[in-house]
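The structure appears below as structure tokens.
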Amino acid sequence: MQYFGGKARIAKDIASVLNEYRKPNQLFIEPFCGGINITCLMGDNVIANDKNIELIEMYKAIQNGWTPPENVSEQEYEEAKTTGDLKLKAFIGIGCSYSGKWFGGYARGKSGRNYAKNAKNSLEKKFKTIGKVDFTSKSYDELLFENALVYCDPPYNDTTKYKFGAFDSEKFWQWCRVKSNEGNIVIVSEYKAPDDFKCIWQKETKTDIRTKANGKESRIEKLFIAP
């Protein structure tokens, strides 16, 4: 399932770096699990958290056997905005939206592309490889843990805002420092970080943003470790 800001293209690269830092049987936490591209590669003893309660309810439902629909009409897309069925709202609001952005517009593909079916197949593939995962929905700073490897993929600074509006990056970076000082290993995906965070990996990637020459804009994805 395409997810706005997701790491599908570089998930294996990131998971490889994370596993270099992860101790045997160490708890792995994703405070911003999003499209679970990393979650499904990290095995057991995993907590996947996201503030988006609809998204987490969808993951829990699939974990318990729910099958998403293969077809979603534009009318059903509009109706999903106010539905009380949280799992279906998340599936439609992300899986059937342009670029995977939360209700960012009904996705219409060329050559009859079926976005709902593609999203369904993608999720089923992920849940075939996912380990023992506890899905939770809290703000990142409400999570309680110790001796964990923490991987954060927060809303990037100076980029398109998501469902919950502006993100306080300064507060987030300070939270990372505190958690690191408490004995956790904290690694963050971003384009840039405060000077006391060390870059441990980087890779040039293509975004979904089109350039004037009709190509795709490239950026340098980086991983930073908290001091």
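Report, by residue number, each residue of the range 39-94 that is of a type in the set (S, T, N, Q) and within 14 Å of the chain's Cα centre (by Cα).
T39, N49, N52
Can you tell me which residues in the range 17-56 are more than 20 Å from G104 (Cα to Cα), open to solvent by 60 Å² or more (accessible area, probe 1.4 Å), out of contact with any helix residue (DSSP H, G or I) (no Cβ under 6 Å at 6 or more places or on another chain) and part of a helix (DSSP H, G or I)?
N19, E20, Y21
Can you say whether G65 is in contact (Cβ under 8 Å) with a residue 60 or more places away in the chain, farther than 17 Å from T136 by Cα and small (G, A, S), as far as the supplied structure shows?
When the stated conditions are applied, G65 does not pass them.
Which of the residues spanning the range 84-134 are of a type in the set (F, W, Y) and assigned to a helix (DSSP H, G or I)?
Of everything in the range 84-134, those that are of a type in the set (F, W, Y) and assigned to a helix (DSSP H, G or I) turn out to be F91, Y98, Y115, F127.
Output the qualifying pairs, or none if there are none: Cβ atoms under 9 angstrom, residues six or more apart or on different chains, first residue in the range 181-205 and closer than 14 Å to Y156 by Cβ and at pLDDT 95 or above, second residue open to solvent by 50 Å² or more (accessible area, probe 1.4 Å) and among the β-branched types (V, I, T).
Y191/I220
Would you check if N71 is closer than 23 Å to I29 by Cα, open to solvent by 20 Å² or more (accessible area, probe 1.4 Å) and not hydrophobic (A, V, I, L, M, F, W, C)?
no
Can you name every residue in the range 57-83 that is under 17 Å from F135 (Cβ atoms), assigned to a helix (DSSP H, G or I) and of a type outside the set (V, I, T)?
E57, M58, Y59, K60, A61, Q63
Could you tell me how many of the residues in the range 84-109 are open to solvent by less than 20 Å² (accessible area, probe 1.4 Å) and over 26 Å from G131 (Cβ atoms)?
Here the count works out to 5.
The values are calculated or read from the model by the stated rules, or taken from the named source; none is laboratory data. What you see is a predicted model; the values in this text were computed from it and never measured. Backbone-built Cβ (ideal geometry, glycine too); neighbour counts: all protein chains shown. Side chains are part of the model used for accessible areas, which takes the heavy atoms of the whole protein and leaves out ligands, DNA and RNA. Shrake-Rupley method; radii C 1.70, N 1.55, O 1.52, S 1.80 Å.
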